[in-house]
Amino acid sequence: MAKKEAPAKREIQVVNIVVSTSLGHDIPLEKMAATLSNTEYNPEQFPGLVIRIKEPKTSALIFSSGKVVCTGARSLDKVQESIKKIIKSLEKINVKITIEPEIVVQNIVASGNVGMPLNLNVLAMKLENTEYEPEQFPGLVYKLQQAKATFLLFSNGKVVCTGTKSEEAVNKALDTLIEDLKRVMSK
């Protein structure tokens, strides 16, 4: 009797969410940098101020226009928490944010496993939209056009997904990736 193969254990989890928002208020970056210890501001090199938040562990770029790019959160709840902490920091320098900032997800980075070893040389030849230069980098880059996702694939089955804008899209992209892998590996 043939032994049944156990299904591949696939897993993926969000490791970074990049969002943008606008606070609807001009921000005095020099005053912010002079007052708050968790900031870096060097306008000769870059027009934005960097603020680092300990909990949740995130960083944000704040521009004088009130635009904010926040990175490092692993969930949208943590994104909200970070934006609230930035608004609280601004209150310390008498900048009152009166709007509820609209948060726009720009990118989600997730990492995980497809649950099977991968022959990257074979995948590079059989899959379209791949880049593989093992002398330069040990991972294969695979662009899923329809899912608007890009995967880094490693021979041990580990994957990194970027380019999606929701957790649902991450999971759909992973499903598509696994289908594509099974299709080309069975040929």
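The table below gives the values:
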| item | result |
| --- | --- |
| Thr150 vs. criteria hydroxyl-bearing (Ser, Thr, Tyr), more than 29 Å from Arg52 (Cβ to Cβ) and not assigned by TED's automatic domain parsing to the domain that holds Pro56 | no |
| Enumeration of residues in the range 121-148 that are in contact (Cβ under 8 Å) with a residue 40 or more places away in the chain and surrounded by fewer than 16 Cβ atoms within 10 Å (Cβ to Cβ) | Val122, Lys126 |
| Matching entry among Leu118, Leu152 (being in contact (Cβ under 8 Å) with a residue 12 or more places away in the chain, assigned to a strand (DSSP E or B), within 18 Å of Arg10 (Cβ to Cβ) and touching a strand residue (DSSP E or B) at 6+ places or on another chain (Cβ under 7 Å)) | Leu152 |
| Search result, residues across the range 11-47 that are within 15 Å of Leu61 (Cα to Cα), β-branched (Val, Ile, Thr) and in a strand (DSSP E or B) | Ile17, Val18, Val19, Thr21, Thr39 |
| Residue list for the range 32-60, restricted to those being surrounded by 15 or more Cβ atoms within 10 Å (Cβ to Cβ) and either under 18 Å from Asn94 (Cα atoms) or in contact (Cβ under 8 Å) with a residue 24 or more places away in the chain (or both) | Met32, Ala33, Leu36, Thr39, Leu49, Ile51, Ile53, Pro56, Thr58, Ala60 |
| Residue ID - modelled with the lowest pLDDT, chosen from residues in the range 151-187 that are of a type outside the set (Gly, Ala, Ser) and touching a Ser or Thr at 6+ places or on another chain (Cβ under 6 Å) | Val170 |
| Positions within the range 76-95 being free of Cβ contacts under 8 Å to residues at least 12 places away in the same chain and charged (D, E, K, R), in sequence order | Asp77, Lys84, Lys88, Glu91 |
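The values are calculated or read from the model by the stated rules, or taken from the named source; none is laboratory data. Bear in mind that the values here come from a model prediction, so they are computed numbers and not experimental data. Positions of Cβ are generated from backbone atoms using ideal geometry, with glycine treated the same way; all protein chains shown enter the neighbour counts.
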